[in-house]
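Q: Handing you a structure now.
The values are calculated or read from the model by the stated rules, or taken from the named source; none is laboratory data. For clarity, every value in this text was computed on a predicted model and none was experimentally measured. Please note: Cβ atoms are built from the backbone with ideal geometry, for glycine as well, and neighbour counts cover all protein chains shown.
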């Protein structure tokens, strides 16, 4: 569980979906645009959304106003869960894979603090 502050004119993350972990978000305060394959939908304080594991419809939240939004994120990241980023060439593999982030073809991104895979 995370209480996420989304500052004005920022994104919660890149659009993504999980292979093995369901995700639930609840808007505590402010307003966000929930962006999915269908487009953007405005969520306000008291609104919620859920994302079933394995559904390839990536999602993220954006604040499009000049005010912060506070969002409660609830979910588990089981060891078998991988995260796929819908709009960019990146995957966060399951814990069974040593790389933190890879390209879709499995090539690891280089960690700038540690040279090498």
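Q: Need the failing condition index for residue 22 against (1) more than 15 Å from residue 4 (Cβ to Cβ); (2) modelled with pLDDT under 95, just the number.
A: (2)
Q: Here's a follow-up. Among the strands (runs of 3 or more DSSP E) confined wholly to region 1-89, which include 2 or more residues that are touching a residue at least 60 places away in the same chain (Cβ under 8 Å), farther than 26 Å from residue 107 by Cβ and out of contact with any helix residue (DSSP H, G or I) (no Cβ under 9 Å at 6 or more places or on another chain)?
A: On the way: elements: 2-6, 16-18, 23-29, 31-36, 39-44, 48-51, 60-62, 69-75, 83-85.
In region 1-89, the matching strands (runs of 3 or more DSSP E) lie at 2-6, 69-75.
Q: Is one or more of the residues making up region 26-42 surrounded by fewer than 17 Cβ atoms within 10 Å (Cβ to Cβ) and within 13 Å of the chain's Cα centre (by Cα)?
A: No: region 26-42 contains no residue that is surrounded by fewer than 17 Cβ atoms within 10 Å (Cβ to Cβ) and within 13 Å of the chain's Cα centre (by Cα).
Q: Going through region 1-10 one residue at a time, which ones are surrounded by fewer than 18 Cβ atoms within 10 Å (Cβ to Cβ) and modelled with pLDDT of 95 or more? So that I can check it myself, show each step before the final result.
A: Step one: list which residues in region 1-10 are surrounded by fewer than 18 Cβ atoms within 10 Å (Cβ to Cβ), which gives 1-5, 7-10.
Listed by number, the residues that qualify are 3, 4, 5, 7, 8, 9, 10.
Q: Please enumerate the residues belonging to region 69-84 that are surrounded by 14 or more Cβ atoms within 10 Å (Cβ to Cβ) and at pLDDT 95 or above.
A: Those that are surrounded by 14 or more Cβ atoms within 10 Å (Cβ to Cβ) and at pLDDT 95 or above: 69, 70, 71, 72, 73.
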